[in-house]
Every structure is written in structure tokens, then in C-alpha cells.
Amino acid sequence: MVRMSAEERRESVVRAAITEFSRRGYYGTSTEAIAKRVGVSQPYLFRLFPGKKAIFAAASQRCLDEMCELFEGAAHGVRGEGALHAMGDAYVRLIQERPEWLQMQMQMYIAVAAAEAEGEHEFGELVRAGWGRLWDTVHLLSGADMGRTTTFLAKGMLINTYAAMGFPPEHRVWQGMAAVMGQLDEHGDD
């Protein structure tokens with residue numbers, strides 16, 4: 001049996017943490033569950049990460065980094081509306097094929113709000129910086145102006161909300177979104 005390096009083990013912990021946190025949130029996930037999913041002991045887990053917050057932060061960071069990478073890959077060689085459509089299509093495929101990515105995002109936002117309410121701002125700063133990178137990625141790859149970039153990400157958040165609530169694709173809210181987003185697209189700079 002081939003032994004994993006510490007970096008490979010850290011990677012497996014981050015992947016397992018995304019799965020666990022996406023299902024149960026920060027407060028509902030135990031480090032024991034993450035360790036069990038990876039196949040390591042809790043003491044070994046804490047040699048890789050100083051604590052549960054660090055694991056959640058690494059999982060959140062990975063989620064945001066991979067979204068930027070997804071958008072970069074989707075928009076490769078395309079600009080303008082074509083890039084935005086390619087990024088949007090890639091994102092919808094991602095959350096359909098790997099719903100834990102959507103769930104992890106939702107858990108990140110909840111965790112930021114809870115941490116901020118407790119006066120802990122470090123995690124919020126990390127997630128806001130990641131979102132800033134995501135905004136910049138969309139903005140730079142598409143060449144869209146600020147209003148259009150914001151509209152694109154607003155549409156993504158609406159998609160997140162509908163998908164997280166479990167609206168089936170044939171539900172009227174999805175059709176209504178198309179009409180509203182068309183209006184926003186026309187007036188994105190107002």
C-alpha cells in the first residue's frame with residue numbers, strides 16, 4: 001500500500017470536509033466525521049489542521065478557488081456575453097453534477113453571518129476576499145462592465161437560492177427568472 005504524503009492527506013481532508021460540511025454545516029459537523037471519512041484518526045487530523053475552524057476555512061477557500069478555476073476554464077478563448085454564458089452554463093452543470101458545491105456555498109454564507117454576529121471577523125474576511133476574486137474573475141474574463149458583472153453574479157445567487165430550495169426545473173419560478181434577468185441584462189448599468 002502506498003502511503004500518502006501530508007499534503008495529499010490534507011487534500012483528502014479538504015475534500016471530505018466539503019462533503020461533510022455541505023451536508024451538516026459548520027456546527028453540525030464533527031471533526032470525528034471528517035476523520036472517519038478520510039480514514040485517519042482525529043489526532044492525526046489535528047496534526048494537519050489546527051482545528052475545525054481551519055478545516056472549514058480550507059474547505060471554503062477551496063470552494064471559491066475552484067469556482068474561479070471553473071470560470072477560467074469555461075471562458076477560455078471567449079469574451080463578452082459568450083464568456084458569461086459559458087461561465088453560467090459551466091456553473092449550472094457543476095451544481096447539478098456536484099450539489100455539495102452549492103450546499104457548501106450556502107453553509108459558508110451561514111457561517112460568515114454567525115461568525116460576524118459573534119464578533120469574529122476573520123472568516124468573513126476570508127470569504128469576502130474569495131468572493132472578490134470570483135467577482136474579479138468574471139469581470140476580467142468577460143470584459144463586462146461593473147453593472148453586467150454584478151448582474152451575472154446576482155443571477156447566480158438567484159439560481160443558488162432556487163436550487164437550494166429544491167425548485168424543480170419545470171417550476172414557474174425558473175421561467176419567471178428568465179424574464180426578470182432579461183430586464184436586468186438590458187438595464188445592468190442603471
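Worth pointing out:
- Calculated mean residue ellipticity, 222 nm, the chain: -27500 deg cm²/dmol, from DSSP H runs (n ≥ 4) at -39500 (n - 2.57) each, averaged per residue and rounded to 500.
- Shape call, the stretch 80-137: gyration tensor on alpha carbons, a/c limit 1.5: oblate
- Simple spin-label estimate for ALA117 and THR161 gives 1.9 nm between the two label positions (7 Å along the Cα-to-Cβ direction from each Cα).
- Relative contact order (%) - the stretch 73-181, alpha-carbon pairs under 8 angstrom, separation at least six: 28 percent
- Backbone HN-Hα couplings from phi across the stretch 52-60 [Karplus 6.51/-1.76/1.60, Hz, Gly and Pro as x]: 4, 4, 5, 5, 5, 4, 5, 5, 5
- Derived scalar couplings ³J(HN,Hα) [the stretch 110-120; Karplus, 6.51 cos²θ - 1.76 cosθ + 1.60; whole Hz; x for Gly, Pro]: 5, 5, 4, 4, 5, 5, 4, 5, 8, x, 9
- Normalised contact order of the stretch 1-116, rounded percent, pairs of Cα under 8 Å and 6 or more residues apart: 33 percent
- ³J(HN,Hα), Karplus 6.51/-1.76/1.60, whole Hz, each residue of the stretch 124-136, x for Gly, Pro: x, 5, 4, 5, 4, 5, x, 5, x, 4, 5, 4, 4
None of the figures in this text is laboratory data; all of them are computed from the coordinates on show. Since the structure is predicted, the reported quantities are computational estimates derived from the model, not experimental observations. Here the Cβ is made from the backbone with ideal geometry for all residues, glycine too, and neighbour counts use every protein chain on show.
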